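The values are calculated or read from the model by the stated rules, or taken from the named source; none is laboratory data. Worth saying up front: this structure is predicted, and the values here are computed from it rather than measured. So basically every Cβ, Gly included, is an ideal-geometry build from the backbone, and we count neighbours across all protein chains shown.
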Amino acid sequence: MSLMAGVDCELGPLSMVPAAPVVYIVDDDISVRESLELMIISAGWQPQTFASAQEFLSHTRILAPSCLILDVNLPDLNGLELQRRIVADRVGMPIIFLTGYGDVPTTVRAMKAGASEFLTKPFSDAVMLGAIRQAIERSGAALDEAAALQALQDRYASLSSREREVMTLVVSGLLNKQVGGQLGISEITVKAHRGQVMRKMQAGSFADLVHMSTKLNLPPASRG
């Protein structure tokens with residue numbers, strides 16, 4: 001079975017997107033893993049189970065809406081340490097923590113680090129299914145946002161260096177004539193470049209282009 005990854009060198013490559021969202025389970029108790037696996041299958045999701053954090057880290061990532069059900073007390077790397085290692089790479093994979101006892105300080109640490117939910121064993125099927133459903137919805141939204149940003153970055157990368165200069169100056173509020181004066185080109189040439197920028201960026205209006213610039217976090221134009 002393939003699984004997660006990301007930038008971290010500990011993690012393997014991304015695999016193809018499956019039809020169903022993926023629910024990863026990391027728990028050293030086989031009875032917990034098996035009961036969760038059956039529950040997840042019956043809900044129409046794809047379970048992947050692991051007995052340890054290291055076993056989880058050694059598998060490749062499936063790039064799809066997903067969440068991680070993670071036991072706090074694991075034999076090698078505990079749940080909080082695993083969370084710390086993967087939190088930067090796994091923005092689109094909320095974590096549902098499991099613990100065998102009510103540990104308030106641990107809960108606080110996990111939630112501050114971005115945990116989606118913290119459940120105490122034994123938990124009801126309804127509570128777990130609700131937590132998984134919410135986590136998968138969050139995951140799907142995060143992946144959609146990441147894909148949209150990547151597409152925007154790809155469109156920006158298709159611009160020539162001159163088109164990027166024109167875009168930066170235009171969205172800063174300069175008129176075509178002012179842009180031409182700053183770049184040492186004619187107003188007609190600026191208009192041509194601006195038209196190319198609008199087309200390549202797929203901007204329907206000037207406001208769209210400004211919004212895209214903000215999304216891309218482009219540096220402000222120098223008005224020298």
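On the stretch given as region 63-86, residues that are touching a strand residue (DSSP E or B) at 6+ places or on another chain (Cβ under 8 Å) and surrounded by fewer than 19 Cβ atoms within 10 Å (Cβ to Cβ) total 1. The residues listed here are GLU145, GLU165; of these, the one that is under 30 Å from GLU81 (Cα atoms) and at pLDDT 90 or above is GLU145. Residues of region 34-62 that are assigned to a helix (DSSP H, G or I), modelled with pLDDT of 95 or more and buried (at least 19 other Cβ atoms within 10 Å of the Cβ): LEU36, ILE40. Report the residue count in region 165-184 for those that are free of Cβ contacts under 8 Å to residues at least 12 places away in the same chain and surrounded by 13 or more Cβ atoms within 10 Å (Cβ to Cβ). Residues meeting the conditions: 3. Against the test of being crowded, with 18+ Cβ neighbours inside 10 Å and of a type in the set (A, V, I, L, M, F, W, C), the options VAL210, VAL190 yield a single qualifying residue, VAL190.
Taken over region 195-224, the residue count meeting the criterion of being assigned to a helix (DSSP H, G or I), within 32 Å of the chain's Cα centre (by Cα) and of a type outside the set (Asp, Glu) is 16.
Taking the condition of being modelled with pLDDT of 85 or more and not in a helix (DSSP H, G or I), how many residues in region 83-105 meet it? Here the count works out to 6.
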